[in-house]
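Asks: One structure follows; several queries about it will come next.
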Amino acid sequence: MILELFTYFARYPDKEGVLSIFANGDSRHPEYRALADTVAAFPDESLIPGIKEYVFGQSFETVKARVDKLTGTYLFIDFGEFSSNRDTRNSIRDTQKIAATVAMKITDSADLMEEAIASNITLQLLNQLRAHLIHDAEQGAVPWLSRSENKHEILPFVAKELKSIGWTIMFNTDASDLFDLKPLISSFND
């Protein structure tokens, strides 16, 4: 699920901004090369050309280290906890909290108008992302985006420690037995 999120959202920023995440160049994990190859095969034109960089992670320290090296606009995907519900018919619904932020690095000397302009630009870019998310959910193009529940929140993102300003869309993924738990449980009976 986590790598699916990475790949899905990697289509939105500039491809070079996504490829720069693979800073080590190689890894002992075969998924590393497979993901890098997948991104390299993306079209040169990103889905939202105004977003230049990509940040994907949970750890504040590694996210900050990445953002410190960036300039301009970036998409930051922060994935959170999962919840699971099993009903009396043995159906399992798994959800996960996701925050997708479009932000812009600002200088220490940015005045109020520069911050307002950055806020306006990033809100417009976030709205484009939101339109893609809603479209993909309605088309059933992504199994973890619920067609029935298009509920989300849009929150301001002001992060002095990241020298960034922008907007965040918060939503939940929703899928039936996301982790294939039922077959795993059944395998214990063999």
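Asks: Test Glu81 against the stated conditions and say whether it is among the acidic types (Asp, Glu) and more than 20 Å from Leu126 (Cβ to Cβ). Give the derivation first.
Replies: Details: among the acidic types (Asp, Glu): yes; more than 20 Å from Leu126 (Cβ to Cβ): yes.
Judged against the criteria, Glu81 is a match.
Asks: Select, from Val18, Val67, the only residue that is buried (at least 17 other Cβ atoms within 10 Å of the Cβ), in contact with a strand residue (DSSP E or B) (Cβ under 9 Å, 6 or more places away or on another chain) and free of Cβ contacts under 8 Å to residues at least 40 places away in the same chain. First the steps, then the outcome.
Replies: Values: Val67 fails: free of Cβ contacts under 8 Å to residues at least 40 places away in the same chain.
When all the criteria are applied, what remains is Val18.
Asks: Considering only residues that are surrounded by fewer than 19 Cβ atoms within 10 Å (Cβ to Cβ) and touching a strand residue (DSSP E or B) at 6+ places or on another chain (Cβ under 8 Å), which ones fall in the stretch 132-158?
Replies: Restricting attention to the stretch 132-158, the residues satisfying the condition of being surrounded by fewer than 19 Cβ atoms within 10 Å (Cβ to Cβ) are 132, 134-136, 138-143, 146-156, 158.
Residues satisfying the conditions are Pro143, Ser146, Glu149, Lys151, His152, Glu153, Ile154, Leu155, Pro156, Val158.
Asks: Oh, and also: If you take the residues of the stretch 87-131 that are of a type outside the set (Gly, Ala, Ser), surrounded by 14 or more Cβ atoms within 10 Å (Cβ to Cβ) and in contact with a Lys or Arg (Cβ under 9 Å, 6 or more places away or on another chain), which of them is nearest to Val55 (Cα to Cα)?
Replies: Here the residue is Lys105.
Asks: Follow-up question, since we're still on this one. Out of the stretch 22-47, which residues are open to solvent by less than 50 Å² (accessible area, probe 1.4 Å), outside any helix (DSSP H, G or I) and of a type outside the set (Gly, Ala, Ser)?
Replies: At the first step, the residues of the stretch 22-47 found to be open to solvent by less than 50 Å² (accessible area, probe 1.4 Å) are 22, 25, 27, 32, 35-36, 39, 42, 46.
If we keep only those that are outside any helix (DSSP H, G or I) too, we end up with 22, 25, 27, 42, 46.
Scanning the stretch 22-47 gives Phe22, Phe42.
Asks: Here are some conditions: (1) at pLDDT below 95; (2) open to solvent by 60 Å² or more (accessible area, probe 1.4 Å); (3) closer than 25 Å to Ile121 by Cα. Gly57 meets all but one. Which one does it not meet?
Replies: Failed condition: (2).
Asks: Let me ask something else about it. Can we say Phe6 is modelled with pLDDT of 90 or more, open to solvent by less than 40 Å² (accessible area, probe 1.4 Å) and not in a loop (DSSP other than H, G, I, E, B)?
Replies: In short, yes.
Asks: Would you point out the residue of the stretch 70-83, among those that are hydroxyl-bearing (Ser, Thr, Tyr) and at pLDDT 75 or above, that is surrounded by the fewest Cβ atoms within 10 Å (Cβ to Cβ)?
Replies: We begin by selecting, within the stretch 70-83, every residue hydroxyl-bearing (Ser, Thr, Tyr); these are 71, 73-74, 83.
Then keep just the ones that are at pLDDT 75 or above; that gives 71, 73-74.
Working: Thr71: 10, Thr73: 23, Tyr74: 25.
Among those residues, the one meeting the criterion is Thr71.
Asks: Within the stretch 127-146, restricting attention to residues that are of a type in the set (A, V, I, L, M, F, W, C) and in contact (Cβ under 8 Å) with a residue 60 or more places away in the chain, which residue is nearest to Thr101 (Cα to Cα)? Talk me through it step by step, then tell me what you get.
Replies: Of all residues in the stretch 127-146, those of a type in the set (A, V, I, L, M, F, W, C) come to 129, 131, 133-134, 137, 141-142, 144-145.
Subsequent filtering for residues that are in contact (Cβ under 8 Å) with a residue 60 or more places away in the chain retains 129, 142, 144.
Values: Leu129: 10, Val142: 19, Trp144: 19 Å.
Only one residue tops the list, namely Leu129.
The values are calculated or read from the model by the stated rules, or taken from the named source; none is laboratory data. Values in this document were obtained by computation on a predicted structure and should not be read as measured data. So basically every Cβ, Gly included, is an ideal-geometry build from the backbone, and we count neighbours across all protein chains shown. Note: areas computed on protein heavy atoms with side chains; ligands, DNA, RNA excluded. Shrake-Rupley method; radii C 1.70, N 1.55, O 1.52, S 1.80 Å.
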